[in-house]
Amino acid sequence: MPDVDIVVCGAGPVGLAFSLLLTKRGVPANRIALIDAKSIAQAAEDPRSIALSYGSRQILEEIGAWPIAAEAIHQIHVSRRGHFGKALIDRKDFDVPALGYVTRYGALAKALSACASQANVTMLRPKQVTGIDESASSVMVSLSDSSTVTAAIAVQAEGGVFSEQTVKAVRHDYNQTAIVAQCWTSAAIPHRAFERFTDEGPLALLPQDDGYALVWCVRPAHAAELLNLSDAAFLSELERTFGSRLGRFVRVTPRFSFPLGLNAQAAGSLRTVTIGNAAQTLHPVAGQGLNLGLRDAVVLAQALAQETGPLALERFAANRQSDRKLTIRLTDTMARIFTSAPDGALSQTLLGATLGIVDAVKPAKRALAEQMMFGWR
């Protein structure tokens, strides 16, 4: 008999949420094992900013991991630098308290880990997964301390970064690097997020800590130059690129960077399944990666609560196909069109017109907003 019914490799937000969703759907906590290379304390110290959709908040509420320290997004302003056309998405148009939220990875991981501990989910951490061997009836996960865990189903929820991943069926290198930092301006607009498309990639400013979490996507050579600038020179370049809508950029934290790409593959095996970043690594435009992963977790938990076998994984794959494909297509299209179009007047007119249509046509705006908040349901 397997040690547990389900072993989860990766105790990031998606893996933790999935384990808790299982317990909410009747799977005994002692039949779930959660493995991660980091300790809870290490995960709680992670300062990265992450975007949560309103739909993700609803998932966190269900498992008891909300509220957490987070800044609500009431409006999202989307524009194209140097050209006409913009769109403003407002929570008032959709009867929700917020379109989304900005929090820190560490805060979310800490809250979810506390819930998992309270639910008595078995957590094996810090331990590194060194191998997964699958048979017709079970899966054996080998760990760095030479121990093993056998289970009916293995869930891979540890994705890593694009540049270090195994190549999957759907893959595209955007030839972009994301620069991330925290910055402050002289005229911040509370609860408003900005997505500003430039010729090199999107520049996102998400409200947080009286300032903004910055995600600035540029060509790798330009990223290297920006990372080497002094704070004053970097802020000047950021202000030149973004514009004066928020006044002057006055302060910035140390900057970090990572390469951007699409790497996705829905296919699994008989008793192993991937969710979240392990299944699909996306461009950060529109902030959909974690939210798509949490929707994976909901559907997989429902399937495995009914049966811990291959048929449950087949149902999961079929039920997730539409949302995964649509979200991947949306983020991929936005990343390619708004960053790779020629500089000709016609293309720029079309890009501006696209934003204008989204802003003016209510069904188009609602479709975009509902996909960003809830995904395909």
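The values are calculated or read from the model by the stated rules, or taken from the named source; none is laboratory data. Just so we're clear, the structure is a prediction, and the values are computed from it rather than from any experiment. All Cβ positions, even for glycine, are placed from backbone atoms using ideal geometry, and neighbour counts span all protein chains on display. Keep in mind that these areas ignore ligands, DNA and RNA; they rest on the heavy atoms of the full protein, side chains included. Shrake-Rupley method; radii C 1.70, N 1.55, O 1.52, S 1.80 Å.
Of note:
- Selection within segment 73-117 - touching a helix residue (DSSP H, G or I) at 6+ places or on another chain (Cβ under 7 Å) and closer than 22 Å to L16 by Cβ: G100, Y101, G106, L108, A109, K110, L112, S113, C115, A116
- The residues of segment 278-333 that are open to solvent by 30 Å² or more (accessible area, probe 1.4 Å), touching a strand residue (DSSP E or B) at 6+ places or on another chain (Cβ under 6 Å) and hydroxyl-bearing (S, T, Y) amount to a single one, T308.
- Filter pass, R248 being among the charged types (D, E, K, R), open to solvent by less than 70 Å² (accessible area, probe 1.4 Å) and touching a residue at least 24 places away in the same chain (Cβ under 8 Å): no
- Candidates I63, I73, I59: the one that is under 24 Å from G201 (Cβ atoms), crowded, with 17+ Cβ neighbours inside 10 Å and modelled with pLDDT of 90 or more is I73.
- Residue check, A213 modelled with pLDDT of 95 or more and open to solvent by less than 10 Å² (accessible area, probe 1.4 Å): yes
- Residue in segment 254-266 that is touching a helix residue (DSSP H, G or I) at 6+ places or on another chain (Cβ under 7 Å), part of a helix (DSSP H, G or I) and surrounded by 15 or more Cβ atoms within 10 Å (Cβ to Cβ) present: no
- Among all positions in segment 54-66, there is no residue which is hydrophobic (A, V, I, L, M, F, W, C), in contact with a strand residue (DSSP E or B) (Cβ under 7 Å, 6 or more places away or on another chain) and either outside any loop (DSSP other than H, G, I, E, B) or in contact (Cβ under 8 Å) with a residue 60 or more places away in the chain (or both).
- Scanning segment 14-35 for residues that are over 14 Å from Q302 (Cβ atoms) and either part of a strand (DSSP E or B) or open to solvent by 10 Å² or more (accessible area, probe 1.4 Å) (or both) yields V14, P28, A29, N30, R31, I32, A33, L34, I35.
- The residue of segment 67-93 that is nearest to the chain's Cα centre (by Cα), among those that are outside any helix (DSSP H, G or I) and among the charged types (D, E, K, R), is E71.
Listed here are the residues, each with its yes/no results for (1) assigned to a loop (DSSP other than H, G, I, E, B); (2) surrounded by 15 or more Cβ atoms within 10 Å (Cβ to Cβ); (3) in contact with a Gly (Cβ under 9 Å, 6 or more places away or on another chain).
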position	(1), (2), (3)
T150	no, yes, no
A154	no, yes, no
G160	yes, no, no
V167	yes, no, no
Q176	no, yes, yes
I179	no, yes, no
Q182	no, yes, yes
I189	yes, yes, no
